[in-house]
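See below for the structure under consideration.
The values are calculated or read from the model by the stated rules, or taken from the named source; none is laboratory data. Note that this is a predicted model, so its numbers are computed, not measured. In this analysis, Cβ positions are derived from the backbone assuming ideal geometry, glycine residues included, and neighbour counts consider all displayed protein chains.
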Amino acid sequence: MTLMAKILALDTSSDACSVAYSDGELLLERFELAAKSHTQRALPMVAELLSEVGESVNNLDAIAFGAGPGSFTGLRIGMGVVQGLAFGADLPLLPVSTLMAMAYGRAFSDTLPPSQRVLSALDARMGEIYWGLYDCPNPAQIPTAIHPDRVTAPLAAVSLLSQESAFTGVGSGWQYEPLAALGADFDVDVYPHAQDIVRIGAMQFAAGGTMAVDQVQPVYLRNEVSWKKRQRVRSAQPQ
Amino acid sequence: MLVLGIETSCDETGLAVYHTERGLLAHALYSQVAVHAEYGGVVPELASRDHVRKILPLIREVLSEAHCSAADIDGIAYTAGPGLVGALMVGASVGRALAFAWDVPAVGVHHMEGHLLAPMLEDTPPEFPFVALLVSGGHTQLVKVEGIGRYQLLGESLDDAAGEAFDKAAKMLDLDYPGGPHIARLAERGTPGRFTFPRPMVDRPGLDFSFSGLKTYTLNTVAEHAEADGLPDEQTSADIARAFEEAVVSTLVIKCRRALEATGLKRLIIAGGVSANTRLRAELESALGKIGAEVFYARHEFCTDNGAMIAYAGAQRLAAGQSESLAVNVRPRWPLDTLPALDAQP
């Protein structure tokens, strides 16, 4: 039996900003809606939470964070804060899918009826959604991706999911009308929570799934570049 | 005091380690120019993504080059503005969080203050007070500098920045981004006097600039001489580049001389990307020599964006006791003359 790991989690991938701390027994979270103020809130929330549990960043075992998908700027703020903390305190990272964290949060909700299968979907703008379908058999197990995280038009998601057995839905992606055809119960106003990221992170940590800070980048999913490259008039440059 | 400096305001990731007594110990730069050249300008999303990839390897590199460990660093300086908001957030988030983990103070530095103080990294730094000409892709300003944080704006561009004008002229001639060095290289082969472009606003009193009329004039000249592919022949392109560069340089020189005369000062520093322009340096030295004034500038690599200038400027402010709270603020627009003055002068 190994000692329980001390893990800090941070998520700034959406309009919300949340931090959580877990040492296996204690689990604390701070969650705020912080649209456009992540840089102002992330570190103060980290400092407050660590001070509340009487820990310093240098005493942690790892840092978990919402690696994406989500708002590009939000993901980079989270990644930047985590890079600074992890590099500074020489800690490994536990990147966690924001969609997986949302599915986990819904599956093991205290207030809603249980749901083992959850489709997390986030508005990706430009008429597309980020989505992933997760199986969450029990809270002590990392959810399994039935359909791994991707970005598509809502209609394409519906056609890929039409043969799947029942699931519930969470996230801003569910505001797109085509998803209604899936006939699932859903809640649009759901954000990734650091408390779910810290739980999943702790299981990843126990399974040896940490990564060196230099190896981790945000998961944007949308990588194709929509900016037009220059059309050259002259093929060769005058030198 | 040993300070780590981080610059990510645009398309270069710059890191440096500066010691207030021992000077600059290390600096490293990753330039994204090749990434953005394909697009003819900086693509903010690509710039931000690249900063995230490059910042930690560069921090490791400068710490190792400076032969220091984390425990030796006494403070962190990061560029807090002006610049691209997404790019600024990367350096600011990493810098502030790193300072928190290391339990040292952090300070957000004004990018143009960094440029303005870059000549201080040279062996013969200018003494205060002086006039500074800040010329880059985003700025064209004349500033009276009496000390760190004691800045009085004397004049600025009412439209395009000088560096931006270079970029646009380069695009008209199908040259790569950033335009300054490409225009300068082409201009060397240009025939002096074939074209004479207007010197904007030199006939008016005051120290403001305007480059949009010159841009239009250049565009019209290019169109007038265009051949089947839409461009003038190579010699005519070179002649246009020459006339354009001469017009920008001579406008800047006239205003600098005027600023020195208006303030009664005898020292001018030039800073920012355009201050690397050879013709500008030569003509300023010649013109200001005649009125007994001196010109100072940074080495070429510190004219464009770099971490050394941020580490230097931040070190001055940290040494004077300034620091930021854990709430990180970046300021995409940030007037230089709103900075707090330092009482203690270096």
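In segment B:260-286, what residues are in a helix (DSSP H, G or I), in contact (Cβ under 8 Å) with a residue 60 or more places away in the chain and charged (D, E, K, R)?
Within segment B:260-286, just B:R279 meets the criteria.
For segment A:40-86, what are the residues that are surrounded by 24 or more Cβ atoms within 10 Å (Cβ to Cβ), farther than 13 Å from B:F100 by Cβ and within 11 Å of chain B (Cβ to nearest Cβ)?
Selection gives A:G74, A:L75, A:R76, A:I77, A:G78, A:M79.
Consider only pairs whose beta carbons are under 8 Å apart and that are at least six residues apart or on different chains; among these, list those whose first residue lies in segment B:311-331 and is part of a helix (DSSP H, G or I) and whose second residue is among the small types (G, A, S) and at pLDDT below 95.
B:A319/B:A344
Keeping to segment B:288-346, report how many residues are within 24 Å of B:L24 (Cβ to Cβ), small (G, A, S) and exposed (fewer than 13 other Cβ atoms within 10 Å of the Cβ).
2
Taking B:E61 as meeting all but one of (1) surrounded by fewer than 19 Cβ atoms within 10 Å (Cβ to Cβ); (2) more than 10 Å from B:L15 (Cβ to Cβ); (3) in contact (Cβ under 8 Å) with a residue 12 or more places away in the chain, write down the number of the exception.
Of (1) surrounded by fewer than 19 Cβ atoms within 10 Å (Cβ to Cβ); (2) more than 10 Å from B:L15 (Cβ to Cβ); (3) in contact (Cβ under 8 Å) with a residue 12 or more places away in the chain, only one is false for B:E61: (2).
So for segment B:298-309 (the condition being in a strand (DSSP E or B) and among the aromatic types (F, W, Y)), does at least one residue qualify?
No: zero hits.
Go over the candidates A:E29, A:E25 one by one and state the one that is charged (D, E, K, R), free of Cβ contacts under 8 Å to residues at least 40 places away in the same chain and either more than 11 Å from chain B (Cβ to nearest Cβ) or closer than 17 Å to B:F100 by Cβ (or both).
Working: A:E29 fails: free of Cβ contacts under 8 Å to residues at least 40 places away in the same chain.
So the residue among A:E29, A:E25 that is charged (D, E, K, R), free of Cβ contacts under 8 Å to residues at least 40 places away in the same chain and either more than 11 Å from chain B (Cβ to nearest Cβ) or closer than 17 Å to B:F100 by Cβ (or both) is A:E25.
Can you tell which of B:A97, B:A118 is assigned to a helix (DSSP H, G or I) and within 10 Å of another protein chain (Cβ to nearest Cβ)?
B:A97
May I ask you to verify whether B:I291 is within 21 Å of the chain's Cα centre (by Cα) and outside any helix (DSSP H, G or I)?
Numbers: within 21 Å of the chain's Cα centre (by Cα): no; outside any helix (DSSP H, G or I): yes.
The answer is no for B:I291.
Which is modelled with pLDDT under 95, of a type in the set (A, V, I, L, M, F, W, C) and in contact with a strand residue (DSSP E or B) (Cβ under 6 Å, 6 or more places away or on another chain), of A:A16, A:A34?
After ruling out the rest, the residue left standing is A:A34.
If you scan segment A:203-217, which residues turn out to be facing chain B (nearest Cβ under 7 Å) and either touching a Leu at 6+ places or on another chain (Cβ under 7 Å) or at pLDDT below 95 (or both)?
Selection gives A:V213, A:D214.
Could you say which residue among B:A106, B:A99, B:A87, B:A16 is buried (at least 24 other Cβ atoms within 10 Å of the Cβ) and out of contact with any strand residue (DSSP E or B) (no Cβ under 6 Å at 6 or more places or on another chain)?
Values: B:A106 fails: out of contact with any strand residue (DSSP E or B) (no Cβ under 6 Å at 6 or more places or on another chain); B:A99 fails: out of contact with any strand residue (DSSP E or B) (no Cβ under 6 Å at 6 or more places or on another chain); B:A16 fails: out of contact with any strand residue (DSSP E or B) (no Cβ under 6 Å at 6 or more places or on another chain).
Only one candidate qualifies: B:A87.
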